[in-house]
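Engineer: Before I ask anything, here is the structure I am working with.
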Amino acid sequence: MVSETPFQPRRRGFLKGAALGGLAAAAAPIASQAQTQDSGKRAADGPRNPGPTPADVEATNRDEGLTYASCGGDYMVDVLRSLGIEYFAATPGNTFMGLHEAVVNYGMTTAPSLRWLTTMHEEASVAMCHGYAKIEGKPMACAFHGAVGTQHASMAIYNAYVDRAPVFMITGVGLEADRRKSAIDWQHSPTDGPALVRDFTKWDDTPGNLRTFGESAVRAWKFAMTPPYGPTLLAVDTEMQEDEIPGGEARRPPIPRLPSLRPPSGDANTVREVARMLVAAEHPLIYADRCARTPEGMKLTIELAEVLGAPVVDSGNRMNFPWRHPLNQSSRFGALRGQADVLLALEPGDPFSLVTNKSKQGDLRPALKQGAKSITISSVELYPKGNYQDLERYTGDVDIAVEADAEATLPFLVEEVKRLMPVSRSAYDSRAQAHAKAHLEDINRSKQAAVFGWDDSPISMPRLAMEMYDVMRHEDWSLVSHHYWQSSWAQRLWAADKHYQYIGGSGGNGVGYMTPAGLGAALANQKHGRLSVGVVGDGDLMFGPGSLWTAAHERIPILYIVHNNRSYHQEIMQLQAIANRRQRGVDRTGIGCSITNPNIDYAAVAKGLGLFSAGPIENPKDLGPALRRAIAVVKAGEPALIDVVSQGR
Amino acid sequence: MKRFVLFLAAAPALLSGAALAQTAPKGDVARGKTVFASYGCWQCHGYQGQGSNAGPKLAPNPMPYEALDRQMRKPRDRMPAYTHKTTSDQDVADVYAYLLSIPKAKTVAEIPLLAGAP
């Protein structure tokens, strides 16, 4: 058994004796002096202090001249590597320089590599982790400065939290006040740094020594990766990173073991009951939100749908179901919901809106027909938090709420459904055939709808989607952005059947997500040789263009396509609605929403940040050739950007 | 769920636009195009009235003039109201003339990228 390593004092061993001796000698007169003052008050003409405090009286002062062979930072690197963490994204900050140095001089030079990635904003560091996790299915690490770095990172943390994405975060903090060297050290060392983001992190800790850092790091990874996934944060003492391991290398704490994680699944009786309801239903409907955490989740959802011949509506928050599967009925949710006698919602983010219709006047009525049953299987409510309202409105119209991870429950549900299926499948097969026919009709409707404005400038969204698909379709591609902002034309017109081909959106709808999150996803795709393409809004891009430099600097291949509608488009539509409600006209609603005068030359911005770029593309005929040139660059391992002057949606 | 759809302006059941267009006041196509852009119609409906997930298709073959006028003045669903205080009858007529002028689109078969879509 290894004994506990004490946190205080963390003096280097060979200094300890002398320093303590000095402390004892020097402390006495200070105490005596204090006791001579009446009520502890200094006389008006008395001395302000008894004189200088020698360095050896400061019990834990730094000795900048010291060298040593082991350090806390290296141990932390080893802990991170033991968790399978391969990347460490950060904008540098002096509260985690000890870890920074350990990553670049130890983590990156010894196997398995822990690679440092330089970002230009802490929000980008977190968002990269967010996008990475949705492709790779595990966290990468990021670090940010105490106080100011956490403040910068906060919105991206919120996005990851709402999107149920695992992120492993570290912030530095100078816990030992007497070792803070400057005003900056004080300003960046909050006594409870994680408090700032605690409302939307899954767990945080401030470990008091290296051994507990190891334990807390493993626990942080474990919690991040237990459904519902989420971001976790460790506040790590600056000196603990920088100092020699107390007692030297011989006292290096062990790295705690990570157990094999088994997410919670629904209990057998409930699963059996749900299976019975699904098998007996005439019109079952499956709604898939963030249910496919992994490729296995998508495979199981397909299996369940095929056994039942049941339609699936995919929310678009993950790649839950192949876009060209005959049972994919994502565009028919309203009609199918009205018809459904059993609705099964897998990890729904907003059960209320699934089962409720709200009129313009605010009247509510059940969306399901009389007698229909609704079932949710969701891990989200296993970890509720207050303040932020990501659970959305409560509904009393859910009949059975299975508080469990959907993906972990699906194997049992599929097995039970199969067991209960009658010998004759004819009713189920004919239901599936009817849905397959509707799916084909829907594709044809989408194609028919895509022709309008096809040759227009600004470029239409279906034209953009199909020009993109034309150059991507023969590659192993991955769309690392949300299709919703382009009116979901990708989902409507493309074929996608692999989990990594689509990652959904930001979760919390904090602007500035896509550029760095897409880059994190591209980083994960890079080692698999996939082509990463992301469509980023112009407003979103300008929240963090520094991520383009990171892409170039770190040589992460990704094609960014700027959906340049020259506005904060969502907001301009809302402002128009308000102005018209007040009958003031929309003439001035561009103020504050338009991104014009001057128009931003995104190609020039990207070029200045080291990317191959083209644009602004205004003529749709120029789009295909520009995309082909950019794809060639990306396939050669570099990032590229194309600025496409586009319709609003 | 589509959480950001603002202008789910459900187009009324339509008769042929061409059939009822004759009842519309005379409009100026060029001015209508300008109004369509400056009044922000394109933000949800696209410059060619092709529609998006924020607003339905308006052209070619627009809804009858009366239906358009009614929808602009007292919209159903979440489209903003364009009342007489901000939008004249002539504005509506010009927008309608512009929508009528939008030519018939190519067919899917005439667009190889769409014809070859999966």
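Engineer: When only alpha-carbon atoms count, how far does chain A stretch along each of its three principal axes, as whole angstroms with the largest first?
Structural biologist: Largest to smallest, the principal-axis extents are 92, 63, 55 Å.
Engineer: Follow-up. With every atom except the alpha carbons ignored, what do you get for Rg and Dmax of segment A:72-251, in angstroms?
Structural biologist: Calculated on Cα positions, Rg and Dmax stand at 14.7, 44 Å.
Engineer: Across peptide A:641-647, how many C-beta atoms of other chains are within 10 Å of each residue C-beta, on average? Present the calculation step by step, with values, prior to reporting the outcome.
Structural biologist: Values: counts 0, 0, 0, 0, 0, 0, 8.
Per residue, the average neighbour count from other chains is 1.
Engineer: Take the Cα radius of gyration of segment A:451-645 and divide it by 2.2 N^0.38 Å, with N its residue count; two decimals is plenty.
Structural biologist: Values: Rg = 16.6 Å, N = 195, 2.2 N^0.38 = 16.3 Å.
That works out to 1.01 for segment A:451-645.
Engineer: Going by average Cβ density within 10 Å per residue, which order do the peptides B:93-103, A:232-242, A:387-397 take, highest to lowest? Please report the intermediate quantities before stating the final value.
Structural biologist: Details: B:93-103: 21.9, A:232-242: 25.3, A:387-397: 12.6.
Highest to lowest by the protection proxy: A:232-242, B:93-103, A:387-397.
Engineer: Which residue, chosen from A:Ile642, A:Gly214, A:Pro625, occupies the Cα position most advanced towards the positive end of the dipole of chain A, where the dipole is computed from +1 (Lys, Arg) and -1 (Asp, Glu) charges on Cβ about the Cα centre?
Structural biologist: My answer, from the dipole projection, is A:Pro625.
Engineer: For segment A:76-140, what class follows from the C-alpha gyration tensor (a ≥ b ≥ c being the square roots of its eigenvalues): rounded when a/c is under 1.5, otherwise prolate if a/b is larger than b/c, else oblate? Could the numbers behind the result be given before it?
Structural biologist: Details: a/c = 2.14, a/b = 1.10, b/c = 1.95.
Here segment A:76-140 falls in the oblate category.
Engineer: How high is the relative contact order of chain A, given as a whole-number percent (alpha carbon pairs under 8 Å, six or more residues apart)? Provide the component values of the computation, followed by the final result.
Structural biologist: Values: 1317 pairs, mean separation 81.5, N = 649.
Relative contact order of chain A: 13 percent.
Engineer: How big is the charge dipole of segment A:306-419 about its Cα centre, in debye rounded to the nearest 20, if each Lys and Arg gets +1 on its Cβ and each Asp and Glu gets -1 on its Cβ? If you can, show how the numbers build up before the last one.
Structural biologist: Values: 13 positive and 16 negative charges, 109 e Å.
Charge dipole, segment A:306-419, about its Cα centre: 520 debye, nearest 20.
Engineer: Then there is this: When a/c is below 1.5 the answer is rounded, else prolate if a/b is larger than b/c, else oblate, so apply that to segment A:604-649 with a ≥ b ≥ c taken from the square roots of the Cα gyration tensor eigenvalues. Intermediate results must be reported in sequence, preceding the final value.
Structural biologist: Values: a/c = 2.34, a/b = 1.42, b/c = 1.65.
It comes out oblate by the Cα gyration axes.
Engineer: Take the alpha-carbon centre of segment A:296-372, take the same for segment A:430-456, and report the distance between them in whole Å.
Structural biologist: 19
Engineer: Report, in cubic angstrom per residue, the convex hull volume of the C-alpha atoms of segment A:268-442.
Structural biologist: Numbers: hull volume 20.7 nm³, N = 175.
For segment A:268-442, the hull spanned by Cα atoms encloses 118 Å³ per residue.
Engineer: Same structure again: At what distance in angstrom do the alpha carbon centres of segment A:112-150 and segment A:207-267 lie from each other?
Structural biologist: After rounding, the separation between the Cα centres reads 17 Å.
Engineer: Same structure, new question: State the Kirkwood hydrodynamic radius of segment A:292-379 in Å, one decimal place, computed from all pairs of distinct Cα atoms.
Structural biologist: Details: mean 1/r = 0.0721 Å⁻¹.
That comes to 13.9 Å for segment A:292-379.
Engineer: Sticking with this one: Bin all alpha-carbon pair distances of segment B:17-115 at 5 Å intervals from 0 and give each bin's fraction as a whole percent.
Structural biologist: 3, 13, 22, 27, 18, 8, 5, 3, 1, 0
Engineer: Right, another one. For segment A:179-319, what is Rg from Cα atoms divided by 2.2 N^0.38 Å, rounded to two decimals? Kindly include the intermediate steps, with their values, before the conclusion.
Structural biologist: Numbers: Rg = 23.0 Å, N = 141, 2.2 N^0.38 = 14.4 Å.
Its radius of gyration relative to the 2.2 N^0.38 Å reference: 1.59.
Engineer: Also, I was wondering about something else. What is the Å³ per residue value for the convex hull set by the Cα atoms of segment A:191-258? Could you put the intermediate results ahead of the total?
Structural biologist: Values: hull volume 4.9 nm³, N = 68.
Once divided by residue count, the hull of segment A:191-258 is 73 Å³.
Engineer: Now for a separate question. If eta is 1.306 mPa s and T is 10 °C, what Stokes-Einstein diffusion coefficient results for segment A:175-216, Kirkwood Rh from Cα pairs, in µm²/s?
Structural biologist: On the way: Rh = 12.0 Å.
The estimated diffusion coefficient comes to 133 µm²/s.
A short reminder: the numbers here are calculations on the coordinates, not readings from a lab. Every value quoted in this text rests on a predicted model; they were computed, and no experiment measured them. All Cβ positions, even for glycine, are placed from backbone atoms using ideal geometry, and neighbour counts span all protein chains on display.
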